[in-house]
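Asker: Input: one structure, supplied below.
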Amino acid sequence: MLLRYHGAIFRGDLQRMPSDAGETHHRLPVRVYYEDTDAGGVVYHARYLHFMERARSEWLRVLGFEQDRLRDEQGVLFAVRRMDIAFVQPARFNQLLRVESALAGCGPASMEFAQRVVRAGDDTLCCRATVNIACIDAGRLRPTRIPEDMMTAILPEIAHGR
């Protein structure tokens, strides 16, 4: 995917998933609690969505953006627009997981993330997803451009392949 922004061209590969080869921008450790599991002690499928949401929020925080301040000061919210998810191997109660997140692409009003959930102990892939996030106007709940200061901060994430 090619993105032109203020005359610069950036490339984002939407098929690339973060890996242990240094392509991951952000890693979030997550412990599996009893409340995250089903009756068999296996992580309930919807919990992976929670883990990935936390990781994207922390990714924004690392870049200096708090979602409540974005809403209050710039009038924007972020919402999941589309998700393609694959469940590969189960995670279980009390395991330590790692949620890996990388910005794979960006448009004027959206971001595309590649995310993986792996077992921290042996790097077994549990779940992977491509997540499209829309920037929306907090008052109208309609798509709007990503704020310029945020775009300036996230474009190098694509340009550097992180």
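Asker: With under 17 Å from L70 (Cβ atoms) and in contact (Cβ under 8 Å) with a residue 12 or more places away in the chain as the only criterion, which of A114, A129, A134 stands out?
Answerer: A134
Asker: Considering the range 67-96 alone, what residues qualify as being touching an Asp or Glu at 6+ places or on another chain (Cβ under 7 Å) and part of a loop (DSSP other than H, G, I, E, B)?
Answerer: G75
Asker: Here is a further query. For the range 72-109, which residues satisfy the criterion of being out of contact with any Lys or Arg (no Cβ under 7 Å at 6 or more places or on another chain), of a type in the set (S, T, N, Q) and within 21 Å of I133 (Cβ to Cβ)?
Answerer: Q74, the sole residue that qualifies.
Asker: All but one of (1) in a helix (DSSP H, G or I); (2) modelled with pLDDT of 95 or more; (3) surrounded by 13 or more Cβ atoms within 10 Å (Cβ to Cβ); (4) among the hydrophobic types (A, V, I, L, M, F, W, C) hold for A46; which doesn't?
Answerer: A46 satisfies every listed condition except (3).
Asker: Additional query: So which of A86, A91 is surrounded by fewer than 16 Cβ atoms within 10 Å (Cβ to Cβ), among the hydrophobic types (A, V, I, L, M, F, W, C), touching a residue at least 40 places away in the same chain (Cβ under 8 Å) and within 20 Å of T124 (Cβ to Cβ)?
Answerer: A86
Asker: Same structure, new question: Looking at (1) under 13 Å from the mean Cα position of the chain (by Cα); (2) over 21 Å from R27 (Cα atoms), find the lone condition where L77 falls short.
Answerer: (1)
Asker: For the range 117-126, give me the residue count where each residue is in contact (Cβ under 8 Å) with a residue 24 or more places away in the chain, part of a loop (DSSP other than H, G, I, E, B) and either among the basic types (K, R) or surrounded by fewer than 14 Cβ atoms within 10 Å (Cβ to Cβ) (or both).
Answerer: Of the residues in the range 117-126, 2 are in contact (Cβ under 8 Å) with a residue 24 or more places away in the chain, part of a loop (DSSP other than H, G, I, E, B) and either among the basic types (K, R) or surrounded by fewer than 14 Cβ atoms within 10 Å (Cβ to Cβ) (or both).
The values are calculated or read from the model by the stated rules, or taken from the named source; none is laboratory data. Given the structure is predicted, the values throughout are model-derived calculations rather than measurements. As a convention, Cβ positions derive from the backbone with ideal geometry for all residues, glycine included, and neighbour counts pool all protein chains shown.
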